[in-house]
1. Got a number for residues in segment 142-155 being surrounded by 16 or more Cβ atoms within 10 Å (Cβ to Cβ), of a type outside the set (Ser, Thr, Tyr) and over 14 Å from residue 182 (Cβ atoms)?
2. So residue 48 fits all but one of (1) in a loop (DSSP other than H, G, I, E, B); (2) within 21 Å of residue 148 (Cβ to Cβ); (3) among the charged types (D, E, K, R); what number is the exception?
3. Please verify whether segment 63-85 includes one or more residues that are within 17 Å of residue 156 (Cβ to Cβ), of a type in the set (Lys, Arg) and either touching a residue at least 40 places away in the same chain (Cβ under 8 Å) or part of a helix (DSSP H, G or I) (or both).
4. Could you please find all residues in segment 99-131 being in contact with a Leu (Cβ under 8 Å, 6 or more places away or on another chain) and assigned to a loop (DSSP other than H, G, I, E, B)?
Amino acid sequence: MDPWDPAGRLVDDDVRASPPRPVGRALLCVSDVHGDRAALEAVLDATRHLRLEGIVAAGDHCLGGPDPFGVWQRLLQLGATLVRGASDLALGTVGASEVSPTSAREEVRLLTFLRTQEALGQIVCRKLAELPVTAVVSLEDTSGVMVMHGSPNDDLRGLLDDEHLADEVACVAEDVLVVGATHRGFERRLGNLLIINAGSVGRSPTRRADLRTAHAVLVQPFSDGVVRAFARDVPVPAAAARRAV
């Protein structure tokens, strides 16, 4: 059985005589690709056999990886629903003269930033900065999925699974909220709202047998009216280990 097939991944209380079945197609949720096309392709390869409702990408698409322009082109080719992350905004609005590094580490980050801007070009950087802060897509059961980079209260700040989570998402009216920013994935249900941090494709902190991985999530409605999330850390080939521009 496919380990990422929602029909075969029912857990906890779902084991019963007549388990609920998937309704329609799954939505692939990714975030924080950070210019790492090899990691993005690993996720796409892992889901290639599935009929997807679509793909949503929750910001920070291009900064820092070896192929920022390739990631941008691939996301457009896929018809992914894109929202703006903090680095996407910066790439289109911040110039070298506006940044004064105060340490060697900051100088390296500035160099990566400038090289990413150069690799993308002014037009693409502007398009990244002009992406919407939020987007809403519908699943086949009409459940609404809101996608954004950070917290509903402050999109430049990551949403954490802590004691403040309920207050942070109180304004969300949709059935599912998908965010990124922190690079650490989680799934949490508060009342009727399913909250998903899609982690990071290009900067996932998870390791498996000394291989880096790309984190992604499938969101799938089921016949019992419940929308479920299925997360996976996809191994990225060792030959694609280089991360910096």
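FYI, it's all coordinate maths here, none of it is from the lab. From a predicted model like this one, the values you see are computed outputs, not experimental measurements. No Cβ is skipped: glycine too gets one built from the backbone with ideal geometry, and neighbour counts run over all protein chains shown.
1. Qualifying residue count for the region: 4.
2. Only one criterion in (1) in a loop (DSSP other than H, G, I, E, B); (2) within 21 Å of residue 148 (Cβ to Cβ); (3) among the charged types (D, E, K, R) is unmet by residue 48, namely (2).
3. Checked against the condition, which is being within 17 Å of residue 156 (Cβ to Cβ), of a type in the set (Lys, Arg) and either touching a residue at least 40 places away in the same chain (Cβ under 8 Å) or part of a helix (DSSP H, G or I) (or both), segment 63-85 yields at least one hit.
4. Result: 99, 101, 131.
Okay, residues lined up against (1) in contact (Cβ under 8 Å) with a residue 12 or more places away in the chain; (2) under 29 Å from residue 64 (Cβ atoms); (3) crowded, with 20+ Cβ neighbours inside 10 Å; (4) of a type in the set (A, V, I, L, M):
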site: 157; (1), (2), (3), (4): yes, yes, no, no
site: 168; (1), (2), (3), (4): yes, yes, yes, no
site: 190; (1), (2), (3), (4): yes, no, no, yes
site: 197; (1), (2), (3), (4): yes, yes, yes, no
site: 218; (1), (2), (3), (4): yes, yes, yes, yes
site: 223; (1), (2), (3), (4): yes, no, no, no
